[in-house]
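Report on one structure; see the data block that follows.
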Amino acid sequence: MNPSTDTIENTLGLNAAAKRPLKKYLIVLAVILLLLGAGVWVWTQNNSRSEIEYVTAPVDIKTLTTTVSATGNLEPTNTVEVGIEVSGTIEDVLVDYNDRVKTGQVMARLDTTKLLSAMTGSRAALARYRANIAEAEASYLNAKNEWERVRKMSAATQDNYPSRQEMDNARTSMEKSAAQVSAAKAQADQASAELKTDEENIRKATVVSPVDGIVLERKVEPGQTVVASMQTPVLFTMAEDLTVMQAIVSVDEADIGEVRENQKVEFSVDAYPNRTFSGTITQLRLNSQIVNGVVTYDAVVTVENKDLLLRPGMTVTARIVTGMYGNQLSIPNAALRFTPPSEKDNGVKKAKTMTDNTLRHVWVLREGTPVKIPLKVSRTDGSSTAVTQTSLVKGDRVIIGTKEAQ
């Protein structure tokens, strides 16, 4: 029997040679699959390490305090400018900055040399005019007596003696003497008034405090010349009382509708950054202030300052308490700003179609997955917001942010 072709090829080893390339191909394929599997495993491990971890905060029931922000400056409640009404050279200045003074206390004096000289001249003029009065009155008395004499004589002689001319002269002389008396008295009155003015100027040359208070500013030095003409020169600025001050704060026109008199105010100043001061709105001014196109209204805040820590001119950063609302179901404001990464694009589109800006939503975790919860927002204190018309209850945890898992 003749052997088959396959038998001959197997005997000669020809099939083994043909199968070697296939074996190599299978080995290469296995290596590639192994590398792909390793890559998938590594990617899976890395992805699991970078999963999103959500940060949450509790829903709470609390009292919300709503406020309006404002800035301004401190001022004394009553500022008095002390001036001088006469011109001259300052001789003495008896008070300085921060001095406490009493009503009537001498603060400064003018050199009164010229004023005293003027007063002496006025007294001499008055004495002269008074002497003129006496002389004029004596002349009048003589003229009057002469007139009476000629009048009686004329009556006795039935107007035959003295002549009409003599009688007219006597009457004219009497009337002239009377006019001279009046003129002398007028001159004396004028001299008396000038003397009183000079005496008053002497008195005004001594500057005294009109009130009890503290000297805030001193604007004069000894030897300085002051001129009191159209406007009274101001020598000192005083605060009547610094234990009670006022802050003039500017309220934006967008917030003025919430601000009322008698509302409480908390404020800070740069000098004491870790301390909070308080006051009360005692006046809300109707007149607006416009600076760089921004409209504001001034509110006057009365402040107790018994320890005298606060000073005039200090910058005030104020929070006006416009309301306090108890038992409010509240969430952190950050929860209203949070949107899961997968929802951000949709969130932008939906925001464009929203008509009621009080209708909002937050996200809570349900079995590890963010779930949207609709709600309606109410008032806010800047960090928390009261919510209504929602399924949220106290103790629920709303998502406020994310962080990468480690």
Based on Cα positions only, what radius of gyration and what Dmax would you give for the range 52-171, in angstroms? 41.7, 143
For the range 221-282, run through the trypsin sites (Lys or Arg not before Pro) and keep only the ones in DSSP coil with at most 15 other Cβ atoms within 10 Å of their Cβ. 260
Between residue 321 and residue 92, how high is the FRET efficiency from 1/(1 + (r/R0)^6) when r is the Cβ-Cβ distance and R₀ = 51 Å? Nearest 0.05. 0.50
Toward the positive end of the charge dipole of the range 112-204, about the Cα centre and with charges on Cβ (Lys, Arg +1; Asp, Glu -1), which of 202, 158, 187 goes farthest? 202
For residue 212, which sequence-distant residues (separation of 5 or more, or a different chain) have an amide H within less than 5 Å of its own amide H, given hydrogens modelled in the peptide plane? 103
Can you give the FRET efficiency for residue 292 and residue 230, using 1/(1 + (r/R0)^6), R0 = 25 Å, r = Cβ-Cβ distance, to the nearest 0.05? 0.15
At 7 Å along Cα-to-Cβ for each site, give me the label-to-label distance between residue 309 and residue 334 in nm. 3.1 nm
Counting pairs of alpha carbon atoms under 8 Å apart in space and at least six apart in sequence, what relative contact order in percent does the range 255-328 give? 37 percent
Using a 7 Å offset from Cα along Cα-Cβ at residue 52, what residues in the range 363-406 end up with backbone N under 20 Å from the label point? 363-375, 397-406
DSSP-assigned coil residues among trypsin sites (Lys or Arg not before Pro) in the range 113-152, each with at most 16 further Cβ atoms within 10 Å: none
Under 13 Å by backbone N from the virtual spin label 7 Å along Cα-to-Cβ at residue 282, the residues of the range 247-261 are 247-248
Between residue 196 and residue 217, what FRET efficiency follows from the Cβ-Cβ distance if R0 is 41 Å, with the result rounded to 0.05? 0.80
On full extension of the chain, what length is gained from residue 124 through residue 69, given 0.36 nm per residue of separation minus the C-alpha to C-alpha distance? 12.9 nm
When N is the residue count of the range 169-285, what does its C-alpha Rg come to as a fraction of 2.2 N^0.38 Å? 2.18
In the range 206-252, with Lys and Arg counted as +1 and Asp and Glu as -1 at Cβ, which of these residues, 231, 245, 211, has the Cα nearest the positive end of the dipole, that is, farthest along it? 231
Which of the residue pairs 62/376; 114/204; 176/196; 372/394 have a Cα-Cα distance greater than 21 Å in the structure shown? 176/196
Here, the range 112-204 modelled as identical Cα point scatterers in vacuum has Debye log10 I(q)/I(0) at q = 0.15, 0.22 Å⁻¹ of -0.65, -0.94
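Every number in this text was worked out from the coordinates using simple rules, so none of it is lab data. Keep in mind that what you see is a predicted model, and the values were worked out from it rather than measured. So basically every Cβ, Gly included, is an ideal-geometry build from the backbone, and we count neighbours across all protein chains shown.
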